[in-house]
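So the structure is just underneath, and the comments pick up after that.
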Amino acid sequence: NGRNRGMIKRRLVHALAGLIVCSSACASAAGRPPSLVAPKLALSDLAGQPRYPSDFLGHVVLLEFFATWCEPCRTSLATYNEWQREHGDKGLVVIAVSLDEKGAPVAGFARRYAPDLLVLLDPDAIYASYLKVRTLPATYLFDRTGKLVSRHVGIAPASLRAEVVALVSGH
């Protein structure tokens, strides 16, 4: 709805100020597609532990930005949860990044729709701003080196599954 879109826009504007702070870390990515490893900032998991993008190098990473109020996000997270079960042993890591404000019921939402996924919190939309997330759900697929392979807005197309399978299979 309009209120939620306005909230995301306000948080993205605030996050731009945060990106100025990390501009030296982000400058190396200028002119190239975004990579999983920049900016060099941590997002907290649901237990409050910091997780760095570089922790996932060597894995195929599917990064899904969502919010608890986003109806299509429920469908996409349930789909990606199945993919994590199917391909996690082959090196797939699906990370669900919540753009909800602090205090939102993210843990309960994650237990219901994404029980097998790593859920990270980006309440100030710093990482979402870096990747230019403007609509939810937004999905980013990275290869094992952290290079962005594809991005999708809304419910991801069936072709994304083929991309994931090819990457985890080494093709």
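The values are calculated or read from the model by the stated rules, or taken from the named source; none is laboratory data. As the structure is a computational prediction, the values presented were derived from the model and not from experiment. Heads up, the Cβs are rebuilt from the backbone with ideal geometry, glycines too, and the neighbour counts pull from every protein chain shown. In case anyone asks, the SASA skips ligands and DNA or RNA and just uses the protein heavy atoms, side chains included. Shrake-Rupley method; radii C 1.70, N 1.55, O 1.52, S 1.80 Å.
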Taking interchain pairs and intrachain pairs at least six residues apart, which have beta carbon atoms under 7 angstrom, with the first residue in region 142-171 and closer than 13 Å to residue 93 by Cα and the second assigned to a helix (DSSP H, G or I)? 143/167; 164/83; 164/87; 168/87; 168/90
Look at residue 138 and say whether it is within 20 Å of residue 54 (Cβ to Cβ), touching a strand residue (DSSP E or B) at 6+ places or on another chain (Cβ under 7 Å) and surrounded by 18 or more Cβ atoms within 10 Å (Cβ to Cβ). no
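Here is a yes/no grid of residues against (1) touching a helix residue (DSSP H, G or I) at 6+ places or on another chain (Cβ under 7 Å); (2) closer than 15 Å to residue 128 by Cα; (3) among the basic types (Lys, Arg):
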position	(1), (2), (3)
42	no, yes, no
47	no, no, no
61	no, no, no
68	yes, no, no
71	no, no, no
74	yes, no, yes
77	yes, no, no
83	yes, no, no
Can you confirm whether region 122-135 contains a residue that is open to solvent by 10 Å² or more (accessible area, probe 1.4 Å), over 14 Å from residue 67 (Cβ atoms) and touching a Pro at 6+ places or on another chain (Cβ under 6 Å)? yes
Consider region 70-96. How many of its residues are among the hydrophobic types (A, V, I, L, M, F, W, C) and surrounded by fewer than 16 Cβ atoms within 10 Å (Cβ to Cβ)? 1
